[in-house]
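In what follows, a structure is listed as structure tokens, so that the remarks can point back to it.
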């Protein structure tokens, strides 16, 4: 953990923050003066990223080493932040991966893990953090989908289907959380190509931490 959180700054929680789009989004949120909660499996990379961003932009950054393939990870993240009284203003559901091959030949557990990370963890985190946003009448959720979300495709059946869920679920969730006295939290979608569970090479992205 870095310096104490400022009440004037808002906090973004980013999953899959150790590389790729998540890594770049963390930099953009920090550049826009948001505190950060960085979640990924690679704690060493997270610590370095948190220290670099905290020093460069004078923000606070917390790191949590969690594998979202573990069904208990979302609850553990939420409970740890609750204990530290850290309120999440922006949730970035970025973590995800895919496997390529024939459906009946790919490892069964790995395909279950795709569903757990890409679908179940995303849904669970959204359900945990959305009520606070509704209560505060402020917040935002960014789900990172994929171009594969728009159609079925060969050799990646589970990944394509999981990203179709990521694409459609915010639309249904947004309509279902409308109340007359509440401002609905905003949703957005980013799209990427398929990635594996290995650490990919970093890409230079032009992403904005705010609308």
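Distance between the 7 Å Cα→Cβ label points at residue 31 and residue 55: 2.0 nm. If the chain linking residue 84 and residue 135 were pulled fully straight, counting 0.36 nm for each residue of separation and taking away their Cα-Cα distance, it would gain 16.5 nm.
Extending 7 Å from the Cα toward the beta-carbon at both residue 108 and residue 151 defines two label points whose distance is 3.3 nm.
Considering only the Cα atoms of segment 11-192, their convex hull presents on average a projected area of 10.4 nm². Residues 11, 72, 123 in ascending order of nearby Cβ atoms (within 10 Å, fewest first): 72, 123, 11. Ordering 124, 112 from the fewest to the most neighbouring beta carbons within 10 Å gives 112, 124. For segment 11-192, calculate the relative contact order in percent as a whole number, restricting contacts to Cα pairs under 8 Å that are 6 or more residues apart. Normalised by residue count, the contact order of segment 11-192 is 20 percent.
We did not get these values from a lab; they are worked out from the coordinates using the rules stated. What you see is a predicted model, and the numbers here were worked out from it, not measured in a lab. Cβ: placed from backbone, ideal geometry, glycine included. Neighbour counts: every protein chain shown.
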